[in-house]
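Colleague: Structure provided below as structure tokens; questions to follow.
The values are calculated or read from the model by the stated rules, or taken from the named source; none is laboratory data. Please read these numbers as outputs of a predicted model, since none were measured by experiment. In this analysis, Cβ positions are derived from the backbone assuming ideal geometry, glycine residues included, and neighbour counts consider all displayed protein chains. Heavy atoms of the whole protein, side chains included, go into the accessibility calculation; ligands, DNA and RNA do not. Shrake-Rupley method; radii C 1.70, N 1.55, O 1.52, S 1.80 Å.
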Amino acid sequence: MMRCNSILAGICLLLALISCNKPKKVAIADLRIVMLGDSETRRINHYWGADTNWNTLTGYKHIFNLGFDGYKTTDIIYHEVDTVAPLFQALNKKPHVIFLMVGINDISLSVPLSETLSNIRLMIDTIQKHPIDLVIESVIPTTNYYDTLYGGFPVNGVIAGRVKEMNDSLKRICRFRKIPFLNIQSRMLVSNTYLNSGLSIDGIHLNYKGYVIWKDCLKKYISTHY
């Protein structure tokens, strides 16, 4: 009997700890959102000026752009002297939800997938210590001409193949860790492989039409879950 009581007490404690780290329900108008990632996230206002940003595109008041040009997964976690790493900048915003999309620069620079995934698992572990929802977004591939024209590869299709492998790995991680995986690329692809060139300015970064698709996916997810 005493052993059963001890087990029951342990279960209650575990449930209490889980409950403490579950985000509280909040109205969409008050939702604090962080978009965390690389230049794909950052450049929403790079080509159209400060008036075009995640706030104006989505209509959400409290959405923060923490995208950084050229950043790999390692750069999101670690920081230079006297700076705060993007991951911890995101946590400091006290968001209700973080949308994370990073990895294309790891792929372009041939960082081993195992290293990239290890970094993403560390991000997940760090974020899940806080009462914050985390949504992993799919990595967007490049166009069918990017590899040879800009990427430094002898043939096209290398990056797209690596992106597919990474997204498949991210889906498995999300299933195992019970984290939402948001597929933002499905409406952006040609032949289910390459980024549609009509949605890109240079073969890798999105144009306005591309960001509108991303916005639609984002708003559909938020309206469904909040």
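This table checks each residue for (1) of a type in the set (D, E, K, R); (2) out of contact with any helix residue (DSSP H, G or I) (no Cβ under 8 Å at 6 or more places or on another chain); (3) open to solvent by 30 Å² or more (accessible area, probe 1.4 Å).
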| site | (1), (2), (3) |
| --- | --- |
| ASN55 | no, yes, yes |
| ASN65 | no, no, yes |
| GLY70 | no, no, yes |
| LEU87 | no, no, no |
| MET123 | no, no, no |
| HIS130 | no, no, yes |
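Colleague: Assuming ILE44 fulfils every condition listed in (1) open to solvent by 20 Å² or more (accessible area, probe 1.4 Å); (2) at pLDDT below 90; (3) closer than 28 Å to TYR226 by Cβ apart from one, which condition is it?
Modeller: (1)
Colleague: Another question about this same structure. Out of the residues in the stretch 72-85 that are out of contact with any strand residue (DSSP E or B) (no Cβ under 8 Å at 6 or more places or on another chain) and in a helix (DSSP H, G or I), state the one that is surrounded by the most Cβ atoms within 10 Å (Cβ to Cβ).
Modeller: If we take residues in the stretch 72-85 being out of contact with any strand residue (DSSP E or B) (no Cβ under 8 Å at 6 or more places or on another chain) and in a helix (DSSP H, G or I), then THR73 is surrounded by the most Cβ atoms within 10 Å (Cβ to Cβ).
Colleague: In addition: Please note which helices (runs of 4 or more DSSP H) are completely contained in the stretch 127-226 and include at least 2 residues that are of a type in the set (Phe, Trp, Tyr) and under 15 Å from the mean Cα position of the chain (by Cα).
Modeller: Values: elements: 146-149, 158-177, 208-225.
By residue number, 208-225.
Colleague: If you don't mind, there's one more thing I want to ask. Return the residues of the stretch 181-226 that are closer than 12 Å to THR58 by Cα and in contact with a Ser or Thr (Cβ under 7 Å, 6 or more places away or on another chain); say none if nothing qualifies.
Modeller: Listed by number, the residues that qualify are LYS215, LEU218, LYS219.
Colleague: Considering only the stretch 78-111, state which residues are more than 30 Å from TYR146 (Cβ to Cβ) and among the aromatic types (Phe, Trp, Tyr).
Modeller: Initially, the stretch 78-111 is screened for residues more than 30 Å from TYR146 (Cβ to Cβ), giving 81-84, 88, 91-97.
Within the stretch 78-111, just PHE88 meets the criteria.
Colleague: When you go through ALA16, ALA50, ALA29 one by one, which is the residue that is modelled with pLDDT under 70 and assigned to a helix (DSSP H, G or I)? Step through it out loud before you land on a result.
Modeller: Numbers: ALA50 fails: assigned to a helix (DSSP H, G or I); ALA29 fails: modelled with pLDDT under 70.
ALA16 is the lone residue from the list that is modelled with pLDDT under 70 and assigned to a helix (DSSP H, G or I).
Colleague: A further question follows. Got a number for residues in the stretch 145-169 being closer than 20 Å to SER39 by Cβ, of a type outside the set (A, V, I, L, M) and either open to solvent by 40 Å² or more (accessible area, probe 1.4 Å) or free of Cβ contacts under 8 Å to residues at least 40 places away in the same chain (or both)?
Modeller: Counting residues in the stretch 145-169 that are closer than 20 Å to SER39 by Cβ, of a type outside the set (A, V, I, L, M) and either open to solvent by 40 Å² or more (accessible area, probe 1.4 Å) or free of Cβ contacts under 8 Å to residues at least 40 places away in the same chain (or both) gives 7.
Colleague: Which residue, of SER114, SER118, SER110, is surrounded by fewer than 14 Cβ atoms within 10 Å (Cβ to Cβ), of a type in the set (Ser, Thr, Tyr) and in a loop (DSSP other than H, G, I, E, B)?
Modeller: That would be SER110, the only listed residue that is surrounded by fewer than 14 Cβ atoms within 10 Å (Cβ to Cβ), of a type in the set (Ser, Thr, Tyr) and in a loop (DSSP other than H, G, I, E, B).
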